[in-house]
Structures are given as C-alpha cells and as structure tokens.
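Data first, discussion second: the structure below is written as structure tokens.
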C-alpha cells in the first residue's frame, strides 16, 4: 500500500456499502425506503461536517448555516423564480461554498473554543437573517415547493423527484458522490495534511505547510458538502424552513459524527441511521422516549468512546479509513 | 371436472327446499364457529384508523397534551354512538416533536407503516407546512387544526384541509371592527418578527383601515429578544390601543415590563390568547392585564350563557369552569384552540359517511365529500358554534370571542359574526388534480 491509492479492501468495503444501499431500494418496505432516502441526504450533511471536525479537528457549532444556505440557495430560486431543479441544485452548492469561504476566512483567525463560539454566532446571524426576510422565506413557517416544480427535465426526459424510488436513487447518488470524494480526499496528500494539522498544527507550520489555506480549503469543502445536502433536501422533500438554520441542526451533525465515529468515512452514515431509528423506535413505545434516547447515547459513549466505527477501527479493523 | 359433475348433479336432481335449508344451516353453523366468527366480525367492524400527528414534545407540548385529551374524548363519544359507517374509530398517535422535519417523517410513517386512513390534528404552522408535501405526495388526507393561513392561502395541496378551526386572517378581520368601535381608532402593533407576527401585521392593517382605523406604529420584536422596555418609547403617545401577539415564554416579561412602563396611564391592550394558552391568568406579573381584552376561539372560562353543547363538550373533555383540568386546577387547558380537534373529528365522520368511505381507495372521495360541505350547525358536534366551509380554500369560517380580563378571569363581552371574518378566496384547491 502506497498510502496514496486506496487498498483493495477499502475499495471493496465502500463499493459493497454503495451496492448494498442500491439493493435496499428494491427490498426495503415503503416506509423504510423513505427513511433511508432522508438519512442518505442527511448523511451527506454529516460527512461534510466530518471533513472539518473529524479530519481537520475544527469543532464548528454553526454548520446549520451551510446546510440552510444550500436549502435556501436551491429552494428560493425554484419557489420565487421558477428555476428548474438542476440549476437550483448548483445554486445551492455555490451558496454554501461561497458562504463557507467568507465564514472560514473570518472564523479561522480563531481556534478552539473561540472557533466554536464564532461559528455559533455566525450561524445565529444566518438564522436571524432567514427570519428577517420572512417576506421571502416565510421564516419559521417555511415554504412548500410545489410537486410540479420538482421535476428533473433533460430534453425529452422528465423525472418526478417525488417518485419514491427515483428519490432514493438520487439520494444514493448524492451520498455516494460525497462518500467517494471524501475517501479520495482523506487518502490524498491534502487529506493527510488536514489530519496532521489536527494532530500538531505548529509542527505543520514549522514544516512549511500553509496551515490557514489548508484549513480554509477544508471549511469550503465541508460547507459545499453540507450545502449539497441542504439543496437536495429542499428539492427532494419540498420544504424550506428556517428551522433547518437553527442551532439544533448545528448540533445534530456533531452528534451523528460522534456516534458513528469521527474521522471515519462511513461513521456519519451509521450515526445518522442510528439516531433516526432510535428516536423512531422508542417514540412508538412511550412519551418519555427522549429519556431512553439519552440513556442509550450515554451507554454508547461509555462503551464506544470513539463512536461505533471509530471503536471498531481501534479494536478490530485498523485499516478502516 | 368436479364443477361440471356438480352442475350436472344439481340440474338432474333439482334444488329442493330441504337441500337449500340444509345448506343454509351448514353455512350458518360455519359462521358460528370460533374462527369464522372472528373473521366475519373483522370484515364488518375493522376500525377506521386515524393517524394523530401530536406535539407530545417540543415547544407545542402543552397544546399537544390537550389536543390529545380532546381527541380521546371525541373518539370515545363517536365510538359509543356506533363509530363511523358502523366501524369503530381508532387513533394512532405519533409524536412529531413540534418539528417540521419529523412531522414529514411521521406522515410517511402513518401512510406507509401504520397504514392509517388519514392524518389529523397538527397545530403548529411550521409542522403543517413541513408535513404538507409528504401528505400531497402520498395522497393521504391531512386534516389540520392549526389556525394558520397556510391552508387557505392555496400554497399547500389538495389533501390539506382545515375544517374545524378558523384561520388567522379571518380571526384578525373579525376583531378589527370591534376594536375600532370600542377601544380606539389608533393602534400600535407589537408582534414577533417572523411569520406568525407578519400574518397579524399584514392582515390586521387593511382590515382596520376598512373600519376607519389607523395603525400608527408597528413594532416588530426580534425572536431572540428577552427584554422589551426599549421598545415602549417607540409607541406614539396618541396610541389608543396596543395590539400585541407576543408568544412563548417571553410574553410574561413583555406584559410585566409593559405594565411597569405605562403604569395605569397607558393605552388599552388587545391581545391574542395564543400567548397565554395553558398559562394561569393568576400568574405573578399578569395582573397588568386586568381590564385588557383578548381574542379567544372558544372561551376558557365557563360563561353564564354557555350553550348546552358547550357544557357537554367541556364535561366530556374534562375541564372545570376555570378551563383547567378537573383533576388538577393548575393544569390549564388550551381552550381557545382545542375545540378544533373535536369539531374536525366530527367533520371527518360526516365526510366519511357522505362518501361511504370504505378504505384508503376512497381517500379522493373523502376529500371531495369534505369539499362539498358548506355549513356546520351548532350543537354537540360543533360546540364552539356554527360555521361555514369554503371547499375552494379548504377552510372553515366561524364566530370569534372577545373577552375582558376581569378579576383575572376572561369574560366574553362580544361574539363576532361569521361574516366579520369572511374574505375573498385567493385559491381554488378544487381545480388541482387528486
């Protein structure tokens, strides 16, 4: 193994995961196929967060703004300007990437706790902006993107994004693209630089690396992934609301990544799935299900302190990326 | 071959009366058998299942608790009276956490996993808006009890209906004439600076101007604000009344600070009880509200002239004369809104009976049957009062109550007419495909 090219085992694992998810589209019961569609989109959000938190070691408390930038960047042009789906999706990604560039440029002047606070504050500003422009965004109530606008049209081809199977496949394409790019990044010299910055920033600086530029690139990549997830969410599920810009959606990707395993490529998917199903399952039994969810999370952290996949890597499979 | 032989046998021998009686007897015997009895009953009495999207947790939990109690009370009565089309009603509850994302997931769970006949009961506007796309895509009727203008605006889809509670636009238009006639012509609006507040801002101003009134100032309050004193100097001195629609925990601070700022010399106050639903009016700090007026959908306190239907409804839900739980006087209800659950369930019952609803294959017929409704008469099924229903915008119109705070209780001093709240429809769901 050269360290630059993925080993066969890593390739096989990721290909098997994608293939397995593809097969699930045809075998899952209807409800669970819908769940997986949402989870795959949100897992892309978590993977974007993981680039910055897991690999670069920067704990942001403001990633809801990047997800929401994609959500609004794609949703508002469709709602107000009747844009078609493809350019709206690109607009969503660009919105998130540009926002990440600006926020990164300012926030990366800080580190540690200060970085957390600065990102939290910027996200709060973004959230309040979505409320301030309620005339266009309908604020916390949000907007419904009509079904007839959620069609992907290419020449004679007309695909309704509301079709459950197609929606699943599009979510899988998004998830797979982000997963493959993430895998490529973390095994590239750039990805290794990010990990090295996380481990010892001063040494990297001493070795001649431009730490600021590398971290800024990580913020932009992370923001673009999260925005892609937000844009896909708006277009696939038809709702755009400021709740997605609130602090809750900055905490959730952190939780998903911590549960699945920070700095693991597949951990965010596992964490997102786990969180969804534990809420979905326990809420069917008792009103105080959040108590059970809390207890389960505490137990998980006690026995899997590095998250599910992180602990598996530590104990049994050190080759996991 | 067997069938042919049997045919021939019947033809050759003829079907005698004795044979027919034997056959009928045998069939009846089979029906009486333990296994078959269960099966045949299941065919005729299979419950109609309604998915109740409930705010059990999150910011809407107080509303959710009372919406659930009201729902259970109405379902018990409906079932005792024979159910719907001879079938019992069964409620399947899922908590949406008062969250739009979870709301959409819950609608999918109801449709695809619980296989309910319809979804019902949502209050908070953002949950309704977030869930509406899923309901439309799955073509499952979605009866909300939200009072938002989202349904009537035509921005949702044909499967979203609000037949049991009036919307904010009608409520605001209804109270405007009374304010202009009884409190004053110059009003300052104080509202939260997001969609709920903007609805009041956008709908009250024009309605008030039609009555010869004038909105002299508008004070949008950012949602993160915790202290309001700095806003009060912006209220013009010639203001006759402050129209306030603050919601959430900050309302207690808002009222207290306003009282401290104006003392007994301030303008009159008119508010929406939404701010203080499930809150005891005798709470410390709320004494400044004495003498002010509130909108109420249905009166919290039992009024001396309450109808028999209103008394029956209150007894069935279990609220005392102060609008609190009969089991706990401190557990104050959300009386101004929760009647909507009761009335919506009776609308669903009437629509299912009109559509001869059999199962999910009749969902489109159910929507059309609801759209065809025009009036709901006051009575035990509609204890808040009579209503009209506009099928084009899937929205009902009804009476509103204006109540005076007197001895820290609410006394209804005016009941608006249905016509006060009527407005021109801005949409027509009936032209949309089912």
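Derivation of every value follows stated rules applied to the coordinates shown; laboratory data play no part. All of these numbers come straight from a predicted model, not from anything done at the bench. Glycine gets a Cβ as well: all are built from the backbone with ideal geometry, and neighbour counts include every protein chain shown.
Numbers for the structure displayed
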| quantity | calculated |
| --- | --- |
| Angle between chain B longest axis and helix B:2-13 axis [Cα atoms, degrees, rounded to 10] | 70 degrees |
| Cα-based helix-to-principal-axis angle, B:34-45 vs chain B, degrees rounded to 10 | 40 degrees |
| Relative contact order (%) - chain B, alpha-carbon pairs under 8 angstrom, separation at least six | 16 percent |
| Residue-averaged beta-carbon neighbours from other chains (10 angstrom radius) around A:129-135 | 4 |
| Debye log10 I(q)/I(0) at q = 0.07, 0.13, 0.14 Å⁻¹ for chain B, Cα point scatterers | -0.39, -1.12, -1.28 |
| Of B:246, B:352, B:218, the one that fluctuates the most in a GNM where chain B has Cα springs shorter than 10 Å | B:218 |
| Order by protection proxy (mean Cβ within 10 Å, highest first), peptides A:50-57, A:159-166, B:309-316, A:205-212 | A:50-57, B:309-316, A:159-166, A:205-212 |
| Among B:237, B:192, B:100, residue whose mean-square fluctuation peaks in a GNM of chain B (springs only between Cα atoms under 10 Å) | B:237 |
| Calculated Rg and Dmax of region A:29-158 using C-alpha coordinates, Å | 16.7, 53 |
| Rounded to 5, percent antiparallel among DSSP beta bridges of the protein assembly as shown | 45 percent |
| Alpha-carbon centroid distance for the pair region A:116-174 / region B:169-212, whole angstrom | 33 Å |
| Ascending count of other beta-carbon atoms within 10 Å, so fewest first, for B:84, B:367, A:298, B:91 | A:298, B:91, B:84, B:367 |
| Highest-MSF residue in chain B out of B:245, B:127, B:92 [GNM, Cα springs under 10 Å] | B:92 |
| Directionally averaged shadow of region A:12-246, computed from the convex hull of its alpha-carbon atoms, nm² | 13.7 nm² |
| Rg to Rh, two decimals, where region A:96-180 supplies the alpha carbon set and Rh follows Kirkwood | 1.11 |
| For region B:380-434 versus region A:186-226, the gap between their alpha-carbon centres in whole angstrom | 60 Å |
| Calculated P(r) tail over 39 Å for the protein assembly as shown, as whole % of Cα pairs | 43 percent |
| Fewest-first ranking of B:305, B:331, using other Cβ atoms within 10 Å as the exposure measure | B:305, B:331 |
| Region B:222-270 versus region B:86-163: alpha-carbon centroid distance in Å | 35 Å |
| Translational diffusion coefficient (Stokes-Einstein; Kirkwood radius from C-alpha pairs) of region B:297-383 at 25 °C, 0.890 mPa s, in µm²/s | 170 µm²/s |
| Whether region A:201-303 is rounded, prolate or oblate, judged on the alpha carbon gyration tensor where a/c under 1.5 counts as rounded | oblate |
| Alpha-carbon radius of gyration plus Dmax, which is the widest Cα pair, for region B:252-411 in Å | 18.9, 63 |
| Helix axis angle, B:335-355 relative to chain B longest principal axis, alpha carbon, degrees | 30 degrees |
| Residue-span extension gain [residue A:319 to residue A:110] - 0.36 nm each, minus C-alpha spacing | 71.9 nm |
| Footprinting exposure proxy for A:316, B:295 (fewest neighbouring C-beta atoms within 10 Å first) | A:316, B:295 |
| Other protein chain Cβ atoms within 10 Å, averaged over every residue that makes up A:275-287 | 3 |
| Point-to-point label distance, residue B:312-residue B:362, nm (Cα→Cβ direction, 7 Å offset) | 2.5 nm |
| Partner chain coverage, peptide B:123-136 - average Cβ within 10 angstrom | 5 |
